[in-house]
Amino acid sequence: MQMRYLRPSKQMPGIYLYRAPVDFRKQANGLALLVEQELGHNPFSGALYAFTNRQRNKIKCVMWEDNGFVMYYKALAEEKFKWPKPADE
């Protein structure tokens, strides 16, 4: 059995930021489809993928663990996440 992470850890295969804002009505399967089709990554690798909305006040993270997706969600009340633009290196 694989090691389970209750929170993302340094032993994860990778952590990736999806730079363009996404529609936050998307759930884990829709976000995994973006990972596969637009990034060309395998969403079942165990890596963590982070997404933000247009206002950058919400974040969703998706990762595959054993037999299903784990999704983390955080909404800020007053601040914004610092997020690279799609054109940034």
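For the chain, what is the per residue volume of the convex hull drawn over the alpha-carbon atoms, in cubic angstrom? List each step's numbers first, then the result.
Details: hull volume 9.7 nm³, N = 89.
So the per-residue Cα hull volume is 109 Å³.
Quick check on the range 46-89: take the gyration tensor over C-alpha atoms, sort the square-rooted eigenvalues as a ≥ b ≥ c, and tell me if it's rounded (a/c under 1.5), prolate or oblate.
oblate
Lysine pairs, Cα distance under 16 Å, 8 or more residues apart or cross-chain: how many in the range 9-89?
Counting lysine pairs in the range 9-89 gives 11.
Out of the trypsin sites (Lys or Arg not before Pro) in the range 50-87, which ones are loop residues according to DSSP with at most 12 other C-beta atoms within 10 Å?
Details: sites: R54, R56, K58, K60, K74, K80, K82; in loops: R54, R56, K80, K82.
Those satisfying the criteria are R54, K80, K82.
Step through the residues of the range 60-72 one at a time and calculate ³J(HN,Hα) from phi using the Karplus curve (6.51 cos²θ - 1.76 cosθ + 1.60, θ = phi - 60°), rounding each to whole Hz and writing x for Gly and Pro.
Computed from phi, the couplings for the range 60-72 are 10, 10, 10, 8, 8, 9, 6, 9, x, 7, 10, 10, 9 Hz.
Just the accessible area per residue of the range 44-89, please: how many Å² with a 1.4 Å probe?
Result: 67 Å² of accessible area for each residue.
The values are calculated or read from the model by the stated rules, or taken from the named source; none is laboratory data. The structure displayed is predicted, hence computed values, not measured ones. Positions of Cβ are generated from backbone atoms using ideal geometry, with glycine treated the same way; all protein chains shown enter the neighbour counts. Side chains are part of the model used for accessible areas, which takes the heavy atoms of the whole protein and leaves out ligands, DNA and RNA. Shrake-Rupley method; radii C 1.70, N 1.55, O 1.52, S 1.80 Å.
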